[in-house]
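The values are calculated or read from the model by the stated rules, or taken from the named source; none is laboratory data. Note that the structure is predicted; figures quoted are calculated from it, not measured. Methodologically, a virtual Cβ is constructed for each residue, glycine included, from the backbone with ideal geometry; neighbour enumeration extends over all protein chains shown. What goes into the accessible areas is simple: the full protein's heavy atoms, side chains included, and nothing from ligands, DNA or RNA. Shrake-Rupley method; radii C 1.70, N 1.55, O 1.52, S 1.80 Å.
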Amino acid sequence: MDVRPTIRTLFFAFAVTSCICSQDLVLWYRQAASDWQTQALPIGNGRLGCMIFGGAQSEHLQLNEDSLWTGDEKDTGRYQNLGDLYLELSHGTPQSYRRQLDLSTAIHAIEYSADGTKYRREYFASAPDQVLVFRFTSDKPAQYSGVLKLVDGHGAAIRAEGDSLVAAGKLENGLAYATHVRIVATGGKVVLSGDSARIAGADSLTLIAGAGTSYVPDRARAWQGENPGPRAAAQAKAAAAKSLADLKAAHVADYRRLFERVSLHLGTTGGGGTLPTDERLVRYDKGAEDPGLEALFFQYGRYLLISSSRPGSLPANLQGLWNNSNNPPWRSDYHSNINIQMNYWPAEVTSLPECVLPFFDYVDSLRGVRAEATREHYGNVRGWTVQTENNIFGAGSFRWNPPGSAWYAQHFWEHYLFTQDEDFLRRTAYPILKEVTEFWEDHLTARPDGALVTPDGWSPEHGPEEPGVTYDQEIVWDLFTNYIEAAETLGVDAEYRARIGSMRARLLKPKIGAWGQLQEWPEDRDDIRDEHRHTSHLFALHPGRQITPVTTPDLAAAAKVTLKARGDQSTGWAMAWRINFWARLLDGGHAYRLLRNLLHIVGKGSQIDYGPGGGVYSNLFDAHPPFQIDGNFGATAGIAEMLLQSHAGEIHLLPALPPAWPDGSIRGLKARGNVTVDIEWRAGRLTRAVLLSPAAREVKVRSGTQVRIINLQAGQPARL
Ligand code: FUC
């Protein structure tokens with residue numbers, strides 16, 4: 001850290017004047033966290049993550065690196081904890097304590113006073129510098145004395161190296177990992193020995209953590225790259241050579257470039273904005289209105305995606321990238337029957353298309369292993385598919401999920417639809433769409449009545465295995481439709497496209513059952529009292545497009561009957577999905593009811609619970625329970641879906657605006673076709689919309705029952 005004593009006064013000035021300002025985008029608390037899952041707060045740069053407890057006298061920082069996985073191509077293994085930093089400070093009891101996470105800057109700050117000194121910390125995870133930064137200042141010199149300790153998640157011995165504490169080790173699968181924590185103090189004295197650094201009378205303190213593993217997403221290299229130690233050390237060293245102001249400015253600029261693309265205002269009716277987040281949630285739970293909290297929850301999903309999924313990182317797993325256990329629930333893995341897909345629902349519509357790239361790279365990396373495993377399991381088929389549980393080396397476990405790869409392929413096609421990036425479509429999306437289509441061409445079987453069915457269907461985690469379950473059929477319909485449209489767009493494979501078109505026509509289609517419900521299985525055996533969390537047979541309503549209230553009103557009505565029967569209480573992710581369903585059914589009031597149910601504050605619950613007890617923790621993490629991040633992402637997508645839809649050939653403004661949000665505005669959402677949409681409304685009615693497309697295009701715009709055709713000129717905002 002390039003800080004000379006002559007400019008030390010500047011730091012004190014900084015510490016005193018920098019205040020905690022905009023409340024709208026802040027999670028904050030009057031006490032430190034005492035529990036990882038429910039109270040600690042996350043920061044991340046896509047690859048490196050940290051959960052922060054924020055204790056004044058005893059700080060605990062739990063560290064993650066997203067590729068620290070056990071397992072291999074055969075064994076699914078588990079996502080691992082990297083390690084922990086503990087800092088014990090020798091000052092007295094804190095007063096006027098506050099910790100906060102500011103979503104507008106992705107900076108976690110802590111302020112308090114003790115023994116007449118004002119203390120302030122700022123923590124952030126820098127994507128440009130690939131390090132975690134923890135900065136400690138105060139308004140008086142020489143206030144920092146204490147002990148910093150690094151603990152490795154796998155018991156590796158810690159060594160002191162220059163001004164760094166270093167952990168390095170190897171997992172049983174041969175994956176090497178390393179953590180380098182540089183300790184930079186101004187004033188005072190720092191002595192490193194063994195696993196600790198003793199700090200005496202420092203004016204300020206900066207910890208800079210670099211970390212990595214030897215993982216590479218490349219089967220041809222047996223998933224092993226170079227030893228990560230030198231790189232982690234170099235990253236920490238390079239960051240430490242920069243001024244804190246530069247590090248912070250680069251981080252904030254980089255983060256804001258993504259985050260600021262979308263803003264949402266739902267008003268401040270009912271207040272709540274001045275309360276700490278945990279108290280605010282309790283008040284909300286008792287029925288108070290707090291649209292500001294709902295907008296905060298929307299933006300939190302975007303914050304979490306930016307923090308857990310960046311170009312070059314692995315995709316967001318079941319816990320994003322935050323995990324303090326070496327045996328986490330469901331391995332903290334990539335579940336293919338809803339969860340990893342839900343993680344990416346908000347990405348395109350809330351204008352974070354680059355955050356999906358890790359998912360595409362991940363899918364690309366596992367194609368080889370999956371093709372082999374698929375042939376081993378299914379015999380002579382082309383293409384590939386996945387099992388339910390998946391790791392980063394292509395291995396899968398638990399049951400096969402035949403349409404899993406087709407659902408992945410939907411994201412590739414949608415990325416093209418949203419971005420209009422034809423190069424991506426040609427080089428990346430189309431080959432995947434085609435090979436997965438070929439899998440189904442080989443795998444579908446004809447029933448005696450001629451209908452094409454998936455032979456080994458299983459509606460996720462519900463009911464028996466049998467041919468033609470609705471979930472499979474709808475996803476294959478979606479795949480074939482996406483494939484055909486992709487081939488048409490590129491003007492390729494005309495014959496094959498026609499062949500897939502005729503196969504699509506023969507697919508067994510969704511059916512309406514005895515009590516008016518959408519059937520989950522080909523046999524009508526749905527139980528009206530069944531409140532199972534999975535609603536897989538509604539895929540066609542969302543995220544698919546086979547069922548819409550306009551094009552297939554009868555099936556949409558049946559989907560509504562099913563949804564009503566399944567109820568409004570479930571696990572976190574299941575409620576998040578239901579927000580999206582009700583939005584697609586154009587019922588804003590019901591979508592809102594689900595959002596409220598999801599924003600129900602729940603307590604500890606680190607055990608897996610499949611009951612209806614989902615909600616959020618006081619840190620706004622989604623509670624399955626336990627913590628599972630898909631519900632955060634699904635809710636953000638659901639809120640977007642209430643305000644803008646574009647899956648049915650038209651841009652639908654305010655399709656499911658709930659009565660609870662009479663006035664508001666949203667800026668920067670994306671509609672398919674790469675159209676940026678700003679919307680304002682008053683008294684529940686659209687007052688202004690602005691559409692902007694980088695290329696000239698004709699769009700159909702719906703508001704209520706009014707539909708208009710608008711010719712957008714390249715780069716010219718069109719006001720409605
Ligand atoms: C799916 C769901 C569970 C859980 C797990 C991680 O299999 O059925 O509820 O979310 O993924």
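Mind checking the full-extension length gain between Val690 and Lys286? Use 0.36 nm per residue of separation minus the Cα-Cα distance, one decimal, nm.
Details: separation 404, 0.36 × 404 = 145.44 nm, distance 3.71 nm.
The Val690-Lys286 span can extend by a further 141.7 nm.
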Percent of Cα-Cα pairs more than 13 Å apart in the range 214-266, please. 73
Please determine, in degrees from 0 to 90 and to the nearest 10, the orientation of helix 357-378 with respect to the longest principal axis defined by the Cα atoms of the chain, where the helix direction is its Cα long axis. 50
Let's test the formula: R0 of 35 Å, r as the Cβ-Cβ distance of Glu260 and Ser325. What FRET efficiency results, to the nearest 0.05? 0.55
1.4 Å probe accessible area per residue over the range 108-223, in Å²: 33
Could you tell me, in Å, what Rg and Dmax come out for the Cα atoms of the range 358-403? 10.0, 30
For the range 97-119 versus the range 140-171, the gap between their alpha-carbon centres in whole angstrom: 23
What is the angle, in °, between the Cα long axis of helix 228-240 and the longest principal axis of the Cα atoms in the chain? Nearest 10 is fine, range 0 to 90. 60
Cα gyration tensor, the range 163-253 - rounded (a/c under 1.5), prolate or oblate: oblate
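Once you sort the root eigenvalues of the Cα gyration tensor of the range 163-205 as a ≥ b ≥ c, which label holds: rounded (a/c under 1.5), prolate (a/b larger than b/c) or oblate (the other case)?
prolate
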On the accessible surface of the chain, probed at 1.4 Å, how many percent belong to carbon and sulfur atoms? 50
Cα-Cα pairs in the range 58-102 separated by more than 11 Å, as a whole percent of all pairs, come to 77
In whole Å, what are the extents of the chain along the principal axes defined by its C-alpha atoms, from largest to smallest? 82, 59, 51
Any lysines whose Cα falls less than 16 Å from that of Lys509, other than same-chain ones fewer than 8 residues away, would be none
Between 0 and 90°, nearest 10: helix 8-17 axis offset from the chain longest Cα axis: 50
Compare the peptides 653-664, 539-550 by average per-residue count of other Cβ atoms within 10 angstrom and give them in order, highest first. 539-550, 653-664
Expressed as a percent, the portion of alpha-carbon pairs in the range 108-152 spaced more than 15 Å apart is 56
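Using the alpha carbons of the range 452-554, what is the convex hull volume per residue in cubic angstrom, as a whole number?
On the way: hull volume 11.3 nm³, N = 103.
With only Cα atoms used, the range 452-554 gives 109 Å³ per residue.
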dims of the range 54-140, Cα set, principal axes, largest to smallest, nearest Å -> 58, 27, 18
Rg and Dmax of the range 324-459, Cα atoms only, in Å: 15.6, 53
Using r as the Cβ-Cβ distance of Glu172 and Lys564, and R0 as 56 Å, what FRET efficiency do you calculate, to the nearest 0.05? 0.70
Two-site label geometry, Ile709 and Ala494: point separation in nm, points 7 Å out along Cα→Cβ: 2.6
For Leu720, placing the label point 7 angstrom along Cα-to-beta-carbon and taking the range 680-695, residues whose amide nitrogen sits under 16 Å are 680-682, 684-693
Shape call, the range 524-578: gyration tensor on alpha carbons, a/c limit 1.5: oblate
Solvent-free Debye scattering, log10 I(q)/I(0), computed from the Cα coordinates of the range 625-720 at q = 0.10, 0.13, 0.14, 0.16 Å⁻¹: -0.28, -0.46, -0.52, -0.66
Per principal axis, largest first, the Cα atoms of the range 212-306 extend in Å by 55, 37, 25
List the pairs from Lys248/Lys286; Lys74/Lys511; Lys74/Lys560; Lys149/Lys286; Lys74/Lys434; Lys118/Lys286 whose alpha-carbon separation is above 31 Å, in the order I gave them. Lys248/Lys286; Lys74/Lys511; Lys74/Lys560; Lys149/Lys286; Lys118/Lys286
Could you tell me how far the Cα centroid of the range 508-532 sits from the Cα centroid of the range 464-495, in Å? 22
Length gained if Glu461 through Thr93 is fully extended, taking 0.36 nm per residue and subtracting the Cα-Cα distance, is 127.4 nm
Note: the range 300-364 at 20 °C, 1.002 mPa s; Kirkwood Rh on alpha carbon pairs; Stokes-Einstein D in µm²/s works out to 180
Neighbours of Leu585 by Cβ distance under 12 Å: Lys/Arg at +1, Asp/Glu at -1, summed charge +2
